[in-house]
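First comes the structure, then the notes that go with it.
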Amino acid sequence: MISMCYKYPATFNYTYDVVSFSEIDTEDDYCRLSLSTDSDALVASIQAVGLINPPILKQRQDLRYQTVCGFRRVMVCRALGWHEIKARVLKGTPPDIDILKLAILDNRSHRQLNVIEQAQAIQKLSLLLPCQNRLQTLASLLGFPPNQEVFNRIAALSRLPGTIKAGVMDEIVSFEAAVDLSEFSQEDALSFFELFKLLKLSRNKQRQVITLVQEIAIREDVQPRDVLQSKEIKLVLDRHELNRNEKASKVRAYLKRRRFPTLFKAEQKFSKELKALKLNEHIKVTAPRYFEGGSCTLHTTFKTKEELDERRKAITAMAQNPVLTRLLEPFEHDFQAVH
């Protein structure tokens with residue numbers, strides 16, 4: 001039933017129709033950008049005042065309808081038991097690039113696109129846009145800086161499995177880690193995701209784990225998922241007496257030990273000898289980076305001359321302690337860090 005014509009915007013004409021849900025292909029997500037399924041507020045709104053803003057549909061050649069704008073509205077009305085829905089149906093056969101732009105502009109009319117939506121849109125539009133000025137066109141349309149590196153990082157997210165894309169939106173995986181995971185196979189990326197979901201690692205720790213696992217896999221000629229699914233990691237994750245932070249610490253320690261076995265041995269020895277020195281909290285000794293020679297660093301704090309004199313006495317006593325001799329053995333002689 002057609003009730004009126006409308007123009008949206010300058011190049012789009014559509015009519016108000018009442019369309020049966022049996023005629024709408026709800027599996028057609030060509031124009032869908034958002035992965036969000038949170039519809040509680042929308043359900044309450046439609047139940048209270050009805051459908052204020054009808055979705056936009058396009059009739060395909062097979063006479064079924066695809067949703068262009070308003071996927072959640074269609075989903076909610078159908079879930080509420082409606083048999084038909086009032087919609088704005090595009091007239092004619094606008095090209096794919098135009099209906100995609102319409103879907104994007106409809107979303108951007110009330111909020112900024114998130115990085116996953118931008119990635120989805122880049123993937124869909126890149127094949128339809130000419131190479132000339134593509135970056136500038138997409139940046140302007142999607143709302144990101146016209147910078148090639150930014151574009152490449154956002155576009156990389158489109159290669160991720162849907163589960164990880166949702167994980168980015170739920171802040172299980174950081175944007176930076178997600179970009180790193182886009183370089184892995186889906187199986188490997190999902191193995192990382194499962195670990196991150198369990199341990200809730202910070203952005204930097206996620207990237208550290210990715211780097212360690214990747215380097216172990218290359219060094220041992222195995223798949224990253226083989227490293228992540230090792231019995232050592234499974235044993236840590238199955239220890240119910242450990243909290244999440246303790247599990248994360250032990251998993252990272254295991255990966256570091258496996259990646260740098262000799263360096264780990266050096267760190268253990270240094271830590272043991274340092275503990276034997278029984279230094280107070282005001283005196284710190286730090287080993288050279290990667291135990292590759294160089295000098296140890298001595299750091300102390302004081303507020304008064306008296307405290308400085310106390311530190312001097314403590315340092316003198318440390319210098320006379322035979323434990324210090326073992327601590328200062330040439331690092332490169334006994335421990336050659338592995339890169």
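The values are calculated or read from the model by the stated rules, or taken from the named source; none is laboratory data. Predicted model only: the values in this text are computed from it and were never measured. Glycine also receives a Cβ, built like all others from the backbone with ideal geometry; neighbour counts cover every protein chain displayed.
Suppose we filter the range 263-281 for residues that are surrounded by 14 or more Cβ atoms within 10 Å (Cβ to Cβ) and either in a helix (DSSP H, G or I) or modelled with pLDDT of 90 or more (or both); how many remain? Break it down into steps so the answer makes sense when it comes.
The first filter runs over the range 263-281 and keeps only residues surrounded by 14 or more Cβ atoms within 10 Å (Cβ to Cβ), leaving 263-267, 269-270, 273-274, 276-277, 279.
With the extra rule that they be either in a helix (DSSP H, G or I) or modelled with pLDDT of 90 or more (or both), the set shrinks to 263-267, 269-270, 273-274, 276-277.
Final tally of qualifying residues: 11.
Annotation: VAL173 fulfils all but one of (1) loosely packed, with under 14 Cβ neighbours inside 10 Å; (2) within 27 Å of VAL251 (Cβ to Cβ); the unmet one is (1). Entry remark, the range 151-184: residues being touching a residue at least 40 places away in the same chain (Cβ under 8 Å) and of a type in the set (Gly, Ala, Ser) number 2 in total.
Has the range 256-264 got any residue that is hydroxyl-bearing (Ser, Thr, Tyr) and over 17 Å from GLN208 (Cα atoms)? Outline the logic, then answer.
Step one: list which residues in the range 256-264 are hydroxyl-bearing (Ser, Thr, Tyr), which gives 262.
If we keep only those that are over 17 Å from GLN208 (Cα atoms) as well, we get 262.
Yes, the range 256-264 has at least one match.
Scanning the range 233-248 for residues that are without any contact (Cβ under 8 Å) to a residue 24 or more places away in the chain and assigned to a helix (DSSP H, G or I) returns LYS234, LEU235, VAL236, ASN245, GLU246. Could you check, for the range 138-150, whether at least one of its residues is in a loop (DSSP other than H, G, I, E, B) and within 11 Å of the chain's Cα centre (by Cα)? Among the residues of the range 138-150, not one is in a loop (DSSP other than H, G, I, E, B) and within 11 Å of the chain's Cα centre (by Cα), which makes the answer no.
Residues are listed down the side, and each one gets a yes or a no for (1) part of a helix (DSSP H, G or I); (2) over 11 Å from the mean Cα position of the chain (by Cα):
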{"site": "PHE184", "(1), (2)": "no, yes"}
{"site": "PHE193", "(1), (2)": "yes, no"}
{"site": "LEU198", "(1), (2)": "yes, yes"}
{"site": "GLN206", "(1), (2)": "yes, no"}
{"site": "LEU212", "(1), (2)": "yes, yes"}
{"site": "ALA217", "(1), (2)": "yes, yes"}
{"site": "ASP226", "(1), (2)": "yes, yes"}
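Residue under question is ALA103, and the condition is that it be part of a helix (DSSP H, G or I), in contact with a strand residue (DSSP E or B) (Cβ under 9 Å, 6 or more places away or on another chain), touching a residue at least 60 places away in the same chain (Cβ under 8 Å) and surrounded by 11 or more Cβ atoms within 10 Å (Cβ to Cβ); does it hold? So ALA103 passes the test. Would you confirm whether any residue within the range 82-99 is under 26 Å from the mean Cα position of the chain (by Cα) and either within 20 Å of ASP29 (Cα to Cα) or touching a residue at least 60 places away in the same chain (Cβ under 8 Å) (or both)? Within the range 82-99, not a single residue is under 26 Å from the mean Cα position of the chain (by Cα) and either within 20 Å of ASP29 (Cα to Cα) or touching a residue at least 60 places away in the same chain (Cβ under 8 Å) (or both).
Kindly list, by first and then second residue, each pair from a residue in the range 312-325 that is within 11 Å of LEU277 (Cβ to Cβ) to a residue that is in a helix (DSSP H, G or I) and among the acidic types (Asp, Glu), limited to pairs with Cβ atoms under 7 Å and residues at least 6 apart or on different chains. Qualifying pairs under 7 Å: VAL323/GLU273. Residues in the range 44-81 that are within 16 Å of GLU27 (Cα to Cα), in contact with a Cys (Cβ under 7 Å, 6 or more places away or on another chain) and among the aliphatic types (A, V, I, L, M): ILE56, VAL68. Residue pairs whose Cβ atoms lie under 7 Å apart, separated by 6 or more positions or on different chains, with the first residue in the range 218-230 and without any contact (Cβ under 8 Å) to a residue 60 or more places away in the chain and the second outside any helix (DSSP H, G or I), are PRO224/PHE184. For the range 1-29, the tally of residues that are modelled with pLDDT of 90 or more and either assigned to a loop (DSSP other than H, G, I, E, B) or of a type outside the set (D, E, K, R) (or both) stands at 13.
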